[in-house]
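**Q** Supplied in structure tokens, the structure appears directly below.
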Amino acid sequence: MITRSLMHLSLLIGLANPRRESLMRWLKFNAVSAAGLVVQAGSLGFLVHVFGLHYLLATFVAVEAAVLHNFVWHRKWTWADRQGAESAAAGSTLLRFNLTNGMVSMAGNIFFMRLLVGGGMLEPVAANLLSILCCSLVNFLLSDRFVFISPHSLRPRR
């Protein structure tokens with residue numbers, strides 16, 4: 001009841017609707033992730049089928065390419081409202097992104113690729129698409145709650 005009243009009040013005085021804001025951020029996250037999926041799957045297919053790289057090594061390289069792609073677009077678009085102006089903020093945000101989303105994506109993709117391809121069930125690119133989907137929700141939550149935080153929340157309180 002209180003939450004509903006606060007939402008109505010915020011709409012009346014022109015404040016953002018938190019549910020709408022979260023939905024829009026989730027949609028942006030998925031749009032960037034879809035483009036990252038193309039980067040990752042394309043890189044993986046190229047590395048496996050053209051260069052003949054082992055599928056696990058190719059997965060590692062393809063995931064990192066997608067992580068870097070996604071970081072740039074999430075910073076510029078999905079969480080643009082939470083950015084600090086200084087380049088040190090970009091560096092620490094990239095570090096947090098790689099240590100969270102990068103690790104979840106890397107570990108999840110390697111695990112699922114080994115399971116699905118190594119077990120002889122799927123072709124590497126198809127298995128990779130399933131791997132990406134499995135990691136998506138965890139990556140969104142990490143990005144929203146830990147990586148792309150307001151620069152003000154990083155400052156020590158007095």
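The values are calculated or read from the model by the stated rules, or taken from the named source; none is laboratory data. Please read all numbers here as calculations on a predicted model, not as lab measurements. Note that each Cβ is placed from the backbone with ideal geometry, even for glycine, and that neighbours are counted across all protein chains shown.
**Q** ARG114 is checked against (1) part of a helix (DSSP H, G or I); (2) within 19 Å of the chain's Cα centre (by Cα); (3) of a type outside the set (S, T, N, Q) and fails just one. What number does that condition carry?
**A** (2)
**Q** Let me ask another. Taking the stretch 130-158, which residues are at pLDDT 75 or above, closer than 19 Å to SER92 by Cα and in a helix (DSSP H, G or I)?
**A** ASN139, PHE140, LEU141, LEU142, SER143, ASP144, ARG145, PHE146, VAL147
**Q** Can you confirm whether the stretch 42-60 contains a residue that is within 15 Å of the chain's Cα centre (by Cα), polar (S, T, N, Q) and at pLDDT 95 or above?
**A** Scanning the stretch 42-60 turns up no residue that is within 15 Å of the chain's Cα centre (by Cα), polar (S, T, N, Q) and at pLDDT 95 or above.
**Q** Sticking with this one: Taking the stretch 23-42 as the region of interest, how many residues are aromatic (Phe, Trp, Tyr) and without any contact (Cβ under 8 Å) to a residue 60 or more places away in the chain?
**A** Counting residues in the stretch 23-42 that are aromatic (Phe, Trp, Tyr) and without any contact (Cβ under 8 Å) to a residue 60 or more places away in the chain gives 0.
**Q** Which of the numbered conditions does ARG82 fail, given that it passes all the others? Conditions: (1) modelled with pLDDT of 90 or more; (2) in contact with a Phe, Trp or Tyr (Cβ under 9 Å, 6 or more places away or on another chain).
**A** Answer for ARG82: the failing condition is (1).
Condition check ((1) on the phi > 0 side of the Ramachandran plot; (2) of a type in the set (Phe, Trp, Tyr); (3) surrounded by 20 or more Cβ atoms within 10 Å (Cβ to Cβ)) across all residues:
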| position | (1), (2), (3) |
| --- | --- |
| ARG20 | no, no, no |
| TRP26 | no, yes, no |
| ALA41 | no, no, no |
| ALA62 | no, no, yes |
| ALA66 | no, no, yes |
| ASN70 | no, no, yes |
| ALA80 | no, no, no |
| ALA89 | no, no, no |
| SER92 | no, no, no |
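**Q** Name the residues in the stretch 43-60 that are surrounded by 18 or more Cβ atoms within 10 Å (Cβ to Cβ) and free of Cβ contacts under 8 Å to residues at least 40 places away in the same chain, would you?
**A** SER43, LEU47
**Q** Follow-up. Could you list all residues from the stretch 117-128 that are part of a helix (DSSP H, G or I), surrounded by fewer than 19 Cβ atoms within 10 Å (Cβ to Cβ) and without any contact (Cβ under 8 Å) to a residue 60 or more places away in the chain?
**A** Result: ALA126, single match.
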